[in-house]
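Take a look at the structure below.
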Amino acid sequence: MKENIKLTAKITGKTALKWVFIFATGNLITLITFLIALYRNMEVAGGGHGSIIALGIGLVTTNFFAFLLVFGAPVFIILYFIIANKISIQNAIYLLWEGRLGDYISSKVGNLTTTLTHKEGWKKELSDKAVLKVQLFQSAKDDVDTSKLQRKVILFGLKKIKLDDVNFQDKNVDLSHVITEKFNNFISETVKPSLKLFWGLVLIQIVLLISSILIN
């Protein structure tokens, strides 16, 4: 158990650092491109209280690329936040699954499903996939024996697996086995996290900045 705690803490630290790197770098690039585009096009703003509106109208009509960088800055920040979350979760999944905790997480999923399906009258309660997923989600969230990072991985996997092909009317269906197998297959097929989305967004901002400078 101590080894699992140490490994989880190590992975949590690496994941947090990656999230900070992606979000902080994205914000810095957004700030730099915002300031350059704003500085080079301040003359279209005019003066007075309507300067922001004037700037927006002026950029739309004279330099649309700069407009995207200046007024689209909040959107870029949100996109970097989403990308940072996505990559950090993928990174955690990859590190946990490739490490010694993969079997532990898999067994947890099996135990959660077994606990639900061993209750008397469970077929009436879990009559379809939507109800089953809600119950599994709640069980995973309430599991105090699982770390926050491990719960995040379990919830992510449970959200992604498809149960459309499961026959809930089949008396012989072993939901614990089916769901665990689907979970394992999904996680195993999850590739090593890629920074392509992050660098793609960086490239878009750089291209917009160069284009806005060339227009002037």
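Read-outs throughout are calculated quantities, based only on the coordinates presented, and are distinct from any laboratory measurement. Since the structure is predicted, the reported quantities are computational estimates derived from the model, not experimental observations. Note that each Cβ is placed from the backbone with ideal geometry, even for glycine, and that neighbours are counted across all protein chains shown.
Results, tabulated for the structure shown:
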quantity: ³J(HN,Hα) computed for each position of the range 75-91 - Karplus, 6.51 cos²θ - 1.76 cosθ + 1.60, integer Hz, glycine/proline x; calculated: 5, 4, 5, 5, 5, 5, 5, 5, 5, 4, 5, 4, 5, 5, 5, 4, 5
quantity: Calculated from backbone phi, Karplus (6.51, -1.76, 1.60) coupling profile of the range 208-214 in Hz, x at Gly/Pro; calculated: 4, 5, 4, 5, 5, 6, 5
quantity: Segment residue 172-residue 52, extension gain: residue separation times 0.36 nm, minus the distance between their alpha carbons; calculated: 36.5 nm
quantity: Protection-proxy order for peptides 201-210, 148-157, each taking the mean of Cβ atoms within 10 Å per residue, highest first; calculated: 148-157, 201-210
quantity: Subset of 18/152; 86/108; 86/141; 14/196; 14/162; 160/196 violating a 25 Å alpha-carbon distance limit; calculated: 14/162
